[in-house]
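J.: Dumping the structure here so I can ask a few things about it.
Derivation of every value follows stated rules applied to the coordinates shown; laboratory data play no part. Everything quoted here is computed from the prediction, not taken from an experiment. All Cβ positions, glycine included, derive from the backbone under ideal geometry; neighbour counts span all protein chains shown.
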């Protein structure tokens, strides 16, 4: 008889009350639309992780680029998770656009 293990990973967000549970054996992460960060899609962290999740504003010239994610009129380039042992980053890339003449 072989036992089938169903690993359980509990997730939470330090900026809002969102929690979730996944049962995936492979390495994975969990994203959610965070009510504490203006509805932006940001990573959740394993439950009990001491960290902060913050949005980073895009600091270069944006010109007429479309598809940027905006918060209060400012373009957001990434969400950064900072922990005691390192950091992770989720990048929001603008869309490419082609016009045919």
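J.: In whole angstrom, and with the biggest value first, how far do the Cα coordinates of segment 9-91 range along each principal axis?
T.: Principal-axis extents of the Cα atoms in segment 9-91, largest first: 43, 24, 23 Å.
J.: Now for a different question. How do 41-50, 26-35 rank on mean C-beta neighbours within 10 Å, highest first?
T.: Output ranking for 41-50, 26-35: 41-50, 26-35.
J.: Okay, next question. Between residue 31 and residue 49, what length in nm is gained on full extension when 0.36 nm per residue of separation is reduced by their alpha carbon distance?
T.: The residue 31-residue 49 span can extend by a further 4.9 nm.
J.: What's the FRET efficiency of residue 98 with residue 61 using the Cβ-Cβ distance as r and R₀ = 22 Å, to the nearest 0.05?
T.: My answer for the efficiency is 0.60.
J.: So how do 10-21, 78-89 stack up, highest first, on mean other-Cβ count within 10 Å?
T.: Final packing ranking: 10-21, 78-89.
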